[in-house]
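Values quoted throughout were computed directly from the atomic coordinates according to the rules given, and no laboratory measurement underlies them. Everything numeric in this text was worked out from a predicted model, so none of it was measured. Cβ atoms come from the backbone with ideal geometry, glycine included; neighbour counts cover every protein chain shown.
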Amino acid sequence: MSTNYKAPVDDYVFLLHDVIAPTVPHALGAMARDDTRQVLEQAARFFEKVWAPLDGPGDEEGCHFDNGAVRTPSGYPAGYAALCEAGWNRVSVPEASGGAGLPEGIGQAVREFSASACNSLGLYAALTNGAHATVRRTGEPWMLEHVVPAMVAGRWAGTMCLTEPHCGTDLRLMKTRAVSQPDGSWRLSGTKIFISGGDQDLTENVIHLVLAKVPGEDGRISDDLSTVRLFLVPKRLVDPDSGELGGSNGVVVAGIEHKMGLKGSATCTLSFEHALAYPLRESSQPGGTHRKSSAGMSGMFDMMNSARLGTGLQALSSASRAYGHAADYARERLAGRAAKVEDRTGGTADPIVVHPDVRRLLLKQASFLEAARALALHVTALLGEPDEALRADRSAIGSLLTPVVKAFFSDRSFESANDAMQLMGGHGYIRDNGVEQLVRDCRIFQLYEGANGVQALDLVLRKLPAGGGRALGGFLDMVDATAREAARREPLRAHADLLRQAAQDIRACAKWLADPSRNPYDAGAASNDFLAMMGIVACAWMWLRMSDVALGLLPGAENGTFLRRKLELARFWFARELPLVPTLRQRVETGAACLMALPADQF
């Protein structure tokens with residue numbers, strides 16, 4: 001059975017040029033179709049040939065912790081060096097910062113290729129990209145001159161340090177502190193846990209972005225966010241004038257975690273012992289306007305939101321590779337006979353792809369993965385809108401959909417990887433065929449960057465009511481506009497009607513949630529189901545857009561098989577997934593009563 005990774009180049013060319021760019025042109029800029037294909041084919045060859053072979057052995061070996069230092073699996077240092085040498089770690093970084101300056105849509109495709117090929121190794125580069133983007137927005141001039149170029153080139157890595165032993169999502173409870181010194185410098189002390197890429201042997205330095213509290217005049221820190229600030233703390237000292245590296249900066253690796261998956265990604269406990277720290281400034285939006293936020297945390301908020309989108313894409317990437325294994329297996333594995341005599345082969349058994357339940361598992365995976373890929377591209381484009389007249393509305397919709405991308409994608413991707421294992425039976429459960437690892441790897445993304453229950457609460461309590469519900473209204477207006485346009489094509493009219501009805505279900509639930517007489521627990525009780533509704537409808541929206549484009553391109557198309565496949569996957573989503581929305585609405589509107597009635601001591 002073939003288990004090689006095949007990057008979805010054709011899908012990205014179709015999505016970027018035919019689906020996304022017509023409505024969000026800046027996603028591709030001025031890149032021609034042939035140029036996009038050439039770049040993505042080069043990227044595909046690199047990740048298929050250089051990185052994909054590292055994934056299984058890296059999982060088997062894992063990371064090592066020796067004498068206070070982390071060593072990554074064999075082959076990782078060479079693979080990371082090859083990435084940086086080829087420039088795939090910086091394709092969409094602005095040229096002014098040392099990147100290739102290609103459109104963000106190209107960068108997103110490359111990030112999926114890298115995560116599918118070897119998600120553990122890809123995390124080091126992904127975190128570094130998020131960190132140097134934050135430094136570019138919030139750093140001092142010397143950081144932009146010396147720190148950012150080293151990170152963009154891949155010589156230095158980056159992390160984000162939030163979680164503490166007694167404090168996860170609730171950052172009010174942090175104990176890490178940063179104290180101003182008489183000479184104007186800052187010293188930071190505390191312990192951070194679950195720090196991905198906290199140490200490794202891939203780069204010569206690590207730039208940690210650390211949340212810490214600044215004590216008041218009485219030397220005490222309070223249990224709120226009013227004194228929290230974001231600091232840059234290098235593993236090795238950096239001379240602000242020359243950029244030259246010095247000695248250790250009091251960042252001690254106390255250990256690494258022994259994990260269920262992503263074993264090639266070092267998850268560290270870090271002890272900051274009077275480390276020299278540099279406060280970062282408030283972040284600015286692309287247009288240059290500043291936001292108000294809790295005492296300098298805006299840079300970390302930006303990084304976390306970017307990481308949430310990245311987490312959704314990483315989850316999709318693992319599930320996509322698992323689907324590839326399952327599809328290969330279904331075409332090659334012989335068992336049973338086709339129910340229709342005319343579909344039987346001449347052998348004693350037929351490939352299992354002839355069986356309806358096997359096809360159910362494959363179609364469920366493929367229809368989610370390809371709609372999610374399109375949605376991720378569209379959300380990223382909305383958040384990066386350069387037109388000042390459109391930016392506020394589109395950014396609000398992108399922000400609304402960010403927790404959906406993170407939580408719905410990671411929930412469904414884990415389910416999808418499990419479906420791949422189910423299809424392969426015992427051959428999926430054993431390590432030899434690759435899917436077992438992908439199921440383990442995929443599980444963490446439901447926990448990264450705020451567990452999915454927190455994402456659902458963020459959607460319902462913060463994103464939904466923001467601006468009087470303006471973002472949800474804007475999103476559903478987009479959905480309705482797509483439905484009206486697609487309904488002009490007779491083959492899509494039924495899909496369009498179903499999507500409009502599902503959008504009405506979302507509007508009704510949003511109105512129900514906004515009722516001030518609601519039980520205070522109702523929002524928490526409804527949030528998971530409401531987020532699932534949003535994810536299903538957003539994917540249906542993408543499928544209707546893709547179907548409309550595919551039907552328009554089909555006459556005379558050279559890629560007719562590809563386009564007809566899109567139409568069949570859309571048909572599955574509208575027949576099997578969108579009908580879940582009314583049931584989810586019913587669950588939302590049951591409220592919290594059945595969840596809160598049982599006394600706590602009876603669990």
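Ordering of 98-106, 354-362 by packing is 98-106, 354-362, highest average first (other Cβ atoms within 10 Å, averaged per residue). Roughly how many whole Å is it from the C-alpha centroid of region 169-198 to that of region 411-469? Centre-to-centre distance over Cα atoms comes out at 30 Å. Remark on TRP156: its backbone amide H falls under 5 Å from those of MET151, a criterion applied only to residues 5 or more positions apart or on other chains, H modelled at 1.01 Å from N. Taking Cα centre as origin and charging only the Cβ of basic (Lys, Arg, +1) and acidic (Asp, Glu, -1) residues, the dipole magnitude of region 454-602 rounds to 360 debye.
Amide H contacts of ASP201: THR72, each under 5 Å away and 5 or more positions distant or on a separate chain (H built 1.01 Å from N in the peptide plane; Pro and chain starts excluded).
For ILE430 and ALA338, a Förster radius of 30 Å and the Cβ-Cβ distance give a FRET efficiency of 0.65, rounded to the nearest 0.05. The charge dipole of region 471-537, taken about its Cα centre with unit charges on the Cβ atoms of Lys, Arg (+1), Asp and Glu (-1) only, comes to about 180 debye.
Loop-located trypsin sites (Lys or Arg not before Pro) in region 432-512 (DSSP state other than H, G, I, E, B) with a sparse environment of at most 13 neighbouring Cβ atoms within 10 Å: ARG488. Relative to the dominant Cα principal axis of the chain, helix 52-61 is inclined by about 60°. Residues of region 136-169 with backbone nitrogen within less than 13 Å of a virtual label 7 Å along the Cα-to-Cβ line of ASP183, please, listed as ranges. Inside the label zone: nothing. Once the Cα atoms of helix 493-514 and of the chain are each reduced to a long axis, what angle between those two axes, in degrees from 0 to 90 to the nearest 10, is obtained? Orientation of helix 493-514: about 40 degrees from the principal axis.
Computed from Cα atoms, the angle from the helix 470-486 axis to the main principal axis of the chain rounds to 30 degrees. Annotation: amide H-H contacts under 5 Å for THR163 (H modelled 1.01 Å from N, sequence separation of 5 or more, or interchain): ILE193. Packing here is the average count of other Cβ atoms within 10 Å per residue, and on that basis the peptides 428-438, 394-404, highest first, run 394-404, 428-438. Each peptide among 367-377, 45-55 gets the average number of other Cβ atoms lying within 10 Å of its residues, and from highest to lowest they stand as 367-377, 45-55.
In plain terms, the chain from LEU595 to ASN519 could stretch by 26.2 nm, reckoned as 0.36 nm per residue minus the Cα-Cα distance. Computed over the chain, the per-residue total of -39500 (n - 2.57) for DSSP H runs of n ≥ 4 gives a 222 nm mean residue ellipticity of -16500 deg cm²/dmol, rounded to 500. Summing charges over neighbours of GLY154, with a neighbour being any other residue whose Cβ is under 15 Å away from its Cβ, gives 0 when K and R count +1 and D and E count -1. What the phi angles of region 404-410 give under the Karplus curve with 6.51, -1.76 and 1.60, with θ = phi - 60°, is a coupling list of 5, 4, 5, 7, 5, 5, 6 Hz, glycine and proline written as x.
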